[in-house]
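Shown next, in structure tokens, is the structure this report addresses.
The values are calculated or read from the model by the stated rules, or taken from the named source; none is laboratory data. Fair warning: this is a prediction, and the values are worked out from it, not measured in the lab. Neighbour counts are summed over all protein chains in view; Cβ atoms, including those assigned to glycine, are modelled from backbone coordinates with ideal geometry.
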Amino acid sequence: MSISIEKPLPQTEKAIGSYVIPSITLTEPSFLSLVIPTYNESKNIEKLIKVLSSLLTPVLQSNYELIVVDDDSPDRTWEVAQSLVKEYPHLRVIRRQQERGLATAVLCGWQIAAGNILGVIDGDLQHPPETLLKLLEAIENGVDLAVASRHIEAGGVSDWSIVRRILSRGAQILGLVILPGVISRLSDPMSGYFLVQRNAITECYVNPIGYKILIEVLARGRINQISEVGYVFQERQTGESKVTKQNYFDYLHHLLYLRLSLSKLSDLKQDLSFPFKRFMRFGVVGLSGVCVDMSLLYLLHDPARLDLGLTVSKIIAAEISIINNFTWNEIWTFGDISSRQDSWHQRWLRLIKFNAVCLLGLVFNVMILNLISNLLNINYLMANLVAIAVVTSWNFWINLKFNWRVTKC
Ligand code: GDD
Ligand code: MN
């Protein structure tokens, strides 16, 4: 089937600029509608449809549909896709002529979808199709949202430059600052590869700006249980990425817009609730680290003891106190979280990240100490206390959000 759309699809309810996913009565108990947004993907679309069909047909038989939503691509992707419909009867093609944008294309596809499981995958083969079967398994086990993630075990990116990695992580940190209650629920909130239960997003007004449809689903949907599946983001073989500088501004706009519109008390409460118990434990562990550091420095450097050089002694003392702190945080402060992620690989990774956060904290400590004592002319010991308080809070927050991540599912 092919549909050509010149205007946005009729809304089921009046909400200017918003989309509403309608509720439907299902003929099949479990039916997947997978949307493939495309813009100039004529060289990729055939291969993708072929691989997806060969993966899904044995598992779902005829209980699925692939919906290509193309924004009138100059390379006529819609035409190529349409020519495949004969061979792949579960394929539907939408050609939008008056709107552009990845996120709205996905919503447009979901609006005409027949399934109770809605999904999205990129049309450029950068999302490995095989991961779809794992996502399907997760959603069929009853979670509301199953997301393919680059940032958990078995996940990653292929050949990204350090700049691209920093930009990607920077965007995530920005999200955590502006919208902590939403962004911290997932390791990869930027993912564009996921499945969601239709009933978790029906009758919600969704109004995404730009690229990040998943953030909208998380923020506005009724998402309780989430499952993440690791995947490696592949390099593009043909065609070009459509990401422009404008997308970064759109992303910021989207976050701020959501921040303003999510004024429901429950959301605010969620954002503002501060984990005091954990923070107290983190502080106590920090103090134990100071004791370890001081005692070791004395043992290593004192002429009557080991008499090692001051710098070497301090480095050894600091590293051992970091390991001390890590161990207690691992089994006490964040024990409930680490017991759920307890492979040696995961523990090592947390130790390395903890080291990095401490090191960065040390740099901040020195900067703040200098800033307060020199600029404000405050006694250096007082200034150090302030610096320690600020850096401990920073260490705690970053570790909570990035290292021992609390997922609310
Ligand atoms: N219909 C439509 N309209 N499709 C679009 C548009 C548009 O305006 N812009 C991009 N697309 C399609 C592309 O053709 C591709 O199939 C998919 O959306 C992703 O676009 P890319 O430009 O290839 O994005 P990317 O590779 O940089 O980013 C992807 O990876 C991120 C990280 O996981 C996207 O999938 C993001 O959604 C994802 O977050
Ligand atoms: Mn891509």
Completion exercise
The lone condition V80 fails out of (1) more than 28 Å from N247 (Cα to Cα); (2) touching a helix residue (DSSP H, G or I) at 6+ places or on another chain (Cβ under 9 Å); (3) not in a loop (DSSP other than H, G, I, E, B) is (1)
Problem - Selected residue [more than 14 Å from ligand 1 (Cβ to nearest atom) and over 23 Å from Y251 (Cα atoms)] from A113, A81 - result: A113
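Could you go through segment 183-191 and let me know if any residue there is more than 22 Å from H253 (Cα to Cα), among the polar types (S, T, N, Q) and free of Cβ contacts under 8 Å to residues at least 60 places away in the same chain.
No, every residue in segment 183-191 fails to be more than 22 Å from H253 (Cα to Cα), among the polar types (S, T, N, Q) and free of Cβ contacts under 8 Å to residues at least 60 places away in the same chain.
Please specify each residue of segment 345-355 satisfying the condition of being exposed (fewer than 13 other Cβ atoms within 10 Å of the Cβ) and not β-branched (V, I, T). Walk me through it before giving the result.
Going residue by residue through segment 345-355, those that are exposed (fewer than 13 other Cβ atoms within 10 Å of the Cβ) are 345, 348, 352.
Residues satisfying the conditions are H345, W348.
Of the residues that sit in segment 187-214 and are in a loop (DSSP other than H, G, I, E, B) and within 16 Å of ligand 2 (Cβ to nearest atom), which one is modelled with the lowest pLDDT?
From segment 187-214, those in a loop (DSSP other than H, G, I, E, B) are 187-193, 201, 203-204, 207-212; that's our starting set.
Now restrict to residues that are within 16 Å of ligand 2 (Cβ to nearest atom): 188, 190-193, 210-212.
Details: D188: 92, M190: 92, S191: 95, G192: 96, Y193: 98, G210: 68, Y211: 81, K212: 89.
Checking each candidate, the answer is G210.
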Practice task
Might you check whether a residue that is surrounded by 18 or more Cβ atoms within 10 Å (Cβ to Cβ), away from ligand 2 (no atom under 15 Å from the Cβ) and over 24 Å from I24 (Cα atoms) occurs anywhere in segment 132-151?
Solution key: yes
Practice task
Name the one entry in G221, G181 that is farther than 24 Å from R347 by Cα, more than 12 Å from the chain's Cα centre (by Cα), at pLDDT below 90 and not assigned by TED's automatic domain parsing to the domain that holds Q346.
Solution key: G181
Problem - Lone qualifier among L26, L52, L60 - being within 18 Å of D122 (Cβ to Cβ), in the same structural domain as T244 (by TED's automatic domain parsing) and of a type outside the set (V, I, T) - result: L52
Practice task
From the list L179, L125, pick out the single residue that is crowded, with 16+ Cβ neighbours inside 10 Å and on the phi > 0 side of the Ramachandran plot.
Solution key: L125
Exercise for the section: Report those helices (runs of 4 or more DSSP H) wholly inside segment 286-372 carrying at least 3 residues which are touching a residue at least 40 places away in the same chain (Cβ under 8 Å), farther than 24 Å from L385 by Cβ and within 31 Å of the chain's Cα centre (by Cα). Expected result: 344-370
Problem - Cβ pairs under 6 Å, 6+ apart, first in segment 382-403 and among the hydroxyl-bearing types (S, T, Y), second part of a helix (DSSP H, G or I) and at pLDDT 85 or above - result: T392/G286
Fill in the blank from the handout: Of (1) of a type outside the set (G, A, S); (2) loosely packed, with under 14 Cβ neighbours inside 10 Å; (3) closer than 16 Å to F402 by Cα, V312 satisfies every one except (3)
Completion exercise
Selection from segment 64-84 of residues closer than 19 Å to P129 by Cα and in contact (Cβ under 8 Å) with a residue 40 or more places away in the chain yields Y64, E65, I67, V68, V69, A81
Handout entry: Tally, over segment 215-253, of residues that are within 16 Å of ligand 2 (Cβ to nearest atom) and in a loop (DSSP other than H, G, I, E, B)
Key = 12
Practice task
Name every residue in segment 75-116 that is hydrophobic (A, V, I, L, M, F, W, C) and farther than 17 Å from V206 by Cβ, in order of residue number.
Solution key: W78, V80, A81, L84, V85, L91, V93, I94, A114
Practice task
For segment 152-169, enumerate the residues that are assigned to a helix (DSSP H, G or I) and within 14 Å of ligand 2 (Cβ to nearest atom).
Solution key: R164, S168
